[in-house]
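Trainee: Once you've had a glance at the structure underneath, I'll fire off some questions.
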Amino acid sequence: MRAFLFIAAVCLLPSASAQSTPAQFTAQQMLATTRALYDAPFSRGLVTFDCSVRFDWQEHYISVLGEVPPAAQAAIRLLKTIGHRVVVDHNSATVSPVHAVADLDAVPHAEELEKVFTSMVANGLNAWLPFATNVILPVGQTPYTVETLPTGYKLSLSGQGVQAQLVLASDFRLTSGVAQQPQPVRFETSFERGPQGFLLTSVRTGDTTDSELDQRATFTYSYEPVQGLHLPTHVTVTPARTEIWQYDLNDCKVVKNISVEALPPPS
């Protein structure tokens, strides 16, 4: 997961000039058009949001195993009493307990389950952040070229320590990407058209460009409007090697930039 965030934030940095562009667009026009099509709340005044995390341990075990194992019942009873909130800013998601439990390590498996759960919540939102902050196509200094494809466009990035390709559909939705440097990674994305632009519905990431090694994680998102912004309210995390995790976000509190307008001078 950290590898994907690193690639998204560092590798995908188009510059203001390109070696080749589609005939109907300059490079600057294409990138400006693409950026404007995405619903990226952190580029529209969102500073941070803080939500309660709803997760049902019993439902989780039943969905995975068909039952709650006797060995896990004591841990689940304890974990239910904790409750969690998550704070998300443009850098990361931080999960905190609402009610700390001092003897968490006294119950078998409870401490381990708590760590896995908080990691899954944070990972699900951290995978969304590159799209919510619009760093997929930011202004930067990495040289790139734009190639017209039958189905859309391909952006090839090549700079010192950076080699990557992005594929966009004809309507400028990002569909996939692959990087060779600074480390191999690939991803595929899906978007839906929302009231304020494209909303990420899924991203599938992998740590290798070798398609034979299917070590990929998938993240999916559903949205609801919160104070004029579309924020994830249901997140599903499917790691490469473990079970599916699903959680809901509610009771969200949003902090936005305050726009101050000067009053006209008295007449």
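The values are calculated or read from the model by the stated rules, or taken from the named source; none is laboratory data. Fair warning: this is a prediction, and the values are worked out from it, not measured in the lab. Here the Cβ positions follow ideal geometry from the backbone for every residue, glycine too, while neighbour counts run over all protein chains shown. Surface accessibility is based on the protein's heavy atoms, side chains included, excluding ligands, DNA and RNA. Shrake-Rupley method; radii C 1.70, N 1.55, O 1.52, S 1.80 Å.
Trainee: Suppose R0 equals 30 Å. What FRET efficiency, 1/(1 + (r/R0)^6) with r the Cβ-Cβ distance, do Ile82 and Ser176 give to the nearest 0.05? Intermediate values should be presented prior to the final figure.
Mentor: Numbers: r = 38 Å, r/R0 = 1.28.
Result of the calculation: an efficiency of 0.20.
Trainee: Length gain on complete extension for the stretch Lys256 to Gln215, per 0.36 nm per residue less the alpha carbon to alpha carbon distance? Don't jump to the answer; show the numbers that get you there.
Mentor: Numbers: separation 41, 0.36 × 41 = 14.76 nm, distance 3.75 nm.
Working it through step by step, the gained length comes to 11.0 nm.
Trainee: While we're on this one: Within region 45-61, list the residues whose amide N lies under 12 Å from a label point set 7 Å along Cα→Cβ of His99.
Mentor: Hits in region 45-61 for His99 at 12 Å: none.
Trainee: At 1.4 Å probe size, put His230, His90 in order of accessible surface, largest to smallest. Numbers along the way, then the final one.
Mentor: On the way: His230 30, His90 110 Å².
Result of the area sort, largest leading: His90, His230.
Trainee: How charged is the neighbourhood of Leu46? Take every other residue with its Cβ under 15 Å from the Cβ of Leu46, and add Lys/Arg as +1 and Asp/Glu as -1. Let's see the in-between values first.
Mentor: Details: positive: Arg44, Lys253, Lys256; negative: Asp39, Asp50, Asp89, Glu224.
Here the count lands on -1.
Trainee: Next question. So what's the net charge close to Ile244: Lys and Arg +1, Asp and Glu -1, counting the other residues with Cβ under 15 Å from its Cβ? Each step should come with its number before you reach the end.
Mentor: Details: positive: Arg204, Arg216, Arg241; negative: Asp56, Glu59, Glu243, Asp248.
Net local charge, Ile244 excluded: -1.
Trainee: Using the Cβ atoms and a cut-off under 13 Å, what net charge is assigned to the surroundings of Gly152, where Lys and Arg are +1 and Asp and Glu are -1? Write out the running numbers ahead of the final one.
Mentor: Working: positive: Lys154, Arg173; negative: Glu147, Asp171.
So the surrounding residues net to 0.
Trainee: For region 61-128, report the accessible area per residue in Å² (1.4 Å probe, heavy atoms, rounded to an integer).
Mentor: Numbers: 3610 Å² over 68 residues.
I get 53 Å² per residue for this part.
Trainee: Loop-only trypsin sites (Lys or Arg not before Pro) in region 55-95, please: DSSP not H, G, I, E or B, and at most 14 other Cβ atoms within 10 Å.
Mentor: Values: sites: Arg77, Lys80, Arg85; in loops: Lys80.
Counting only loop positions with at most 14 other Cβ atoms within 10 Å, the trypsin sites (Lys or Arg not before Pro) in region 55-95 are Lys80.
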